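Trainee: One structure, as structure tokens, below. Some questions next.
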Amino acid sequence: MKDKEIREAIESEENRQKEGLELIPSENYVSKDILTALGSAFTNKYSEGYPGNRYYGGQEFTDEVENIAIDRAKKIFNCKFANVQPLSGAPANIATYFALLEPGDTILGMDLSHGGHLTHGHPVTSATKIFRFVRYHMKDIETGEIDYDELEKIADKEKPKMILAGFSAYSRELDYKRFASIGKKIRAYTVADIAHVAGLIAGGVSENPFDSGFDVITSTTHKTLRGPRGGMILTRENGEISKKIDKSVFPGLQGGPHMNNIAAKAVCFGEALKPSFKEYAGQILKNAKAMEEVLRKRNVKMIGGGTSNHLILADVHGSLGVTGGEAEKVLDEIGITVNKNVIADDKLPPKDPSGIRFGTPAMTTRGFKENESKEVAELMIDALENRNDAKKKEEIREKVRNLAEEFPIPESF
Ligand code: DSN
């Protein structure tokens with residue numbers, strides 16, 4: 001690359017990723033094939049419209065890759081329709097709201113501090129100027145169980161047109177059947193935002209919401225699914241809902257799709273269809289359970305009491321007397337990347353909350369098994385307990401570096 005400044009920044013980032021351990025549960029490492037597709041000639045092409053029905057010429061190969069991406073996505077998630085053009089998860093959610101609702105309609109989603117996502121109705125987001133959001137919560141933060149009775153009562157009273165199941169910082173399985181039966185009763189669309197667990201569903205480790213009768217799934221492709229940064233919308237059937245979704249994505253909200261990204265999504269879906277992906281997804285969960293065991297042994301409180309997926313939300317303020325912001329910084333210093341995160345009904349502000357959120361998708365891609373996962377959890381707690389001891393932190397940094405060297409980031413799967 002001729003641009004020296006950018007080349008150096010890229011090389012530094014590559015080294016940071018090589019020498020440290022990535023534990024942000026929404027991040028992962030993609031294969032070289034996916035990077036090749038992202039850096040391919042498809043980035044030069046405009047392709048407004050959909051395969052066979054575009055507004056510009058020269059589409060024989062864009063149609064080919066988009067059709068492959070659509071077919072593979074449908075196969076993975078066992079459904080009849082896929083739109084692979086959303087630029088990421090938030091635009092996929094917004095496109096779904098605009099496709100199926102009218103301004104002023106009500107959406108029922110999970111409260112952000114109980115694990116929901118910003119786009120599920122946090123007041124800072126623009127969608128709240130157009131739609132009315134009401135929220136459900138966990139019943140018990142010790143077990144993480146959703147208060148389904150509360151959810152049903154709100155649904156009966158507020159009559160939302162859409163019920164959202166999905167999360168950004170929640171470590172337990174959702175009862176999709178209960179969501180679907182409440183949705184059916186009040187004739188609301190049921191939409192599952194599976195951004196975090198798409199890879200677990202693809203690998204058969206988590207339940208597929210379509211099996212419970214959900215109407216729509218929205219997702220990102222870059223988290224547990226291990227693909228390029230992007231989004232998609234799937235519908236169980238191919239009918240009125242899917243037609244509305246297509247129109248809402250283009251021309252409703254987006255212009256030209258990013259065809260290099262769609263080619264990379266197709267590669268990602270191909271990788272997720274391989275039998276080895278099932279092993280990968282299973283190991284993500286085993287590794288998270290191994291970390292959970294260490295946290296429990298060392299008395300670090302976990303929201304929801306532990307994990308049934310790829311992530312853990314730990315109350316480090318309550319357990320170790322360190323804020324989430326301080327903990328994130330200390331862990332950065334030893335080469336382990338996590339993110340500070342609010343916990344349910346947090347008394348501390350979102351910029352420096354009580355919790356940290358971390359997970360196993362990226363380190364599992366590196367080949368970590370249960371023993372290494374336990375070692376990482378021990379090192380994290382050691383570092384937080386010894387946060388004022390520079391020498392101890394340097395020793396831990398060295399151990400992290402050695403672990404990272406022992407498990408280089410793979411180039412293919
Ligand atoms: N930022 C993503 C996450 O980390 O969960 C969600 O948008």
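Please treat every number below as a calculation from the coordinates, not as lab data. All of these numbers come straight from a predicted model, not from anything done at the bench. Cβ: placed from backbone, ideal geometry, glycine included. Neighbour counts: every protein chain shown.
Trainee: Placing one identical point scatterer on every Cα of the chain and ignoring solvent, what is log10 I(q)/I(0) from the Debye formula at q = 0.12 Å⁻¹?
Mentor: Scattering profile of the chain, log10 relative to I(0): -0.98.
Trainee: When you take every Cα atom in the stretch 64-172, what is the radius of gyration, and what is Dmax, the widest Cα pair distance, in Å?
Mentor: For the stretch 64-172, the Cα radius of gyration and maximum Cα-Cα distance read 15.7, 49 Å.
Trainee: Normalising by the residue count of the chain, find the relative contact order in percent from Cα pairs under 8 Å and 6+ residues apart.
Mentor: 23 percent
Trainee: Collect residues whose amide H, placed 1.01 Å from N in the peptide plane, falls under 5 Å from the amide H of residue 105; neighbours closer than 5 in sequence don't count.
Mentor: For residue 105, whose amide H was placed from the backbone, the distant partners under 5 Å are 132.
Trainee: Further question: Roughly how many Å is it from the Cα centre of the stretch 125-194 to that of the stretch 198-213, as a whole number?
Mentor: Result: 18 Å between the Cα centres.
Trainee: Determine the gain in length on full extension of the stretch residue 398-residue 345; use 0.36 nm per residue of separation and subtract their C-alpha separation, reporting nm with one decimal.
Mentor: 15.4 nm
Trainee: Among 281, 90, 343, flag the residue with its Cα farthest along the positive direction of the charge dipole of the chain, charges on Cβ as +1 for Lys/Arg and -1 for Asp/Glu.
Mentor: The residue sitting most towards the positive pole is 90.
Trainee: Moving on. Can you give the Kirkwood hydrodynamic radius for the stretch 111-257, in Å, rounded to one decimal and based on Cα pairs?
Mentor: Here the Kirkwood hydrodynamic radius works out to 16.1 Å.
Trainee: Right, something else. Sorted from fewest to most neighbouring beta carbons within 10 Å, what does the list 96, 224 look like?
Mentor: Least to most surrounded, the residues fall as 96, 224.
Trainee: Considering only DSSP beta bridges with both partners in the chain, what is the antiparallel share in %, to the nearest 5?
Mentor: 55 percent
Trainee: Check which residues have an amide H placed less than 5 Å from residue 146's amide H, if you skip close sequence neighbours.
Mentor: Those lying under 5 Å, H to H, from residue 146 are 139.
Trainee: Still on this structure, I have one more. Let me spell out the model: positive unit charges on the Cβ of Lys and Arg, negative unit charges on the Cβ of Asp and Glu, origin at the Cα centre of the chain. What dipole size does that give, in debye rounded to 20?
Mentor: 780 debye
Trainee: With each pseudo-label sitting 7 Å past Cα toward Cβ, what's the residue 329-residue 297 distance in nm, one decimal?
Mentor: Modelled inter-label distance: 3.1 nm.
Trainee: Can you tell me the FRET efficiency between residue 12 and residue 46 if r is taken as the Cβ-Cβ distance and R0 is 25 Å, rounded to the nearest 0.05?
Mentor: Calculated transfer efficiency: 0.15.
Trainee: For the modelled label position 7 Å from the Cα of residue 27 along Cα-to-Cβ, which residues of the stretch 313-328 have backbone nitrogen atoms closer than 18 Å?
Mentor: Hits in the stretch 313-328 for residue 27 at 18 Å: 313-314, 324-328.
Trainee: May I ask you to work out the translational diffusion coefficient for the stretch 199-248 at 20 °C, viscosity 1.002 mPa s, via Stokes-Einstein with Rh from the Kirkwood sum over Cα pairs, reported in whole µm²/s?
Mentor: Working: Rh = 11.9 Å.
Translational D for this selection: 180 µm²/s.
Trainee: Under the rule of -39500 (n - 2.57) per DSSP H run of 4 or more residues, summed and divided by the residues of the chain, what mean residue ellipticity at 222 nm is obtained, to the nearest 500 deg cm²/dmol?
Mentor: On the way: 15 runs with 178 residues, N = 413.
The helix-only estimate for the chain comes to -13500 deg cm²/dmol at 222 nm.
Trainee: Another question, if that's okay. Report ³J(HN,Hα) in whole Hz for each residue of the stretch 358-366, in order, from the Karplus equation J = 6.51 cos²θ - 1.76 cosθ + 1.60 where θ = phi - 60°; Gly and Pro get x.
Mentor: With the stated coefficients, the stretch 358-366 comes to 8, x, 10, x, 6, 5, 5, 4, 6 Hz.
Trainee: Separate question: Might you report the magnitude of the Cβ-based charge dipole of the stretch 1-84 about its Cα centre, with Lys and Arg at +1 and Asp and Glu at -1, to the nearest 20 debye?
Mentor: Charge dipole, the stretch 1-84, about its Cα centre: 320 debye, nearest 20.
Trainee: Rank by packing, highest mean first: peptides 306-317, 335-346, 5-16, with packing defined as the count of other Cβ atoms within 10 Å averaged across residues.
Mentor: Going by the mean number of other Cβ atoms within 10 Å, highest first, we get 306-317, 335-346, 5-16.
Trainee: While we're looking at this one, here's another question. Can you compute the modelled spin-label distance between residue 139 and residue 61, with each label point 7 Å from Cα toward Cβ, in nm?
Mentor: Using points 7 Å along Cα→Cβ, the separation is 5.6 nm.
Trainee: Please report, for the Cα atoms of the stretch 264-413, the Rg to one decimal and the Dmax as a whole number; what are they, in angstrom?
Mentor: 16.0, 48
Trainee: Using each residue's phi in the stretch 216-232, evaluate 6.51 cos²θ - 1.76 cosθ + 1.60 at θ = phi - 60° and report the 3J(HN,Hα) Karplus result to the nearest Hz, with x for Gly and Pro.
Mentor: Along the stretch 216-232, the couplings run 9, 10, 10, 7, 9, 10, 10, 9, 5, 6, 6, x, x, 4, x, x, 7 Hz.
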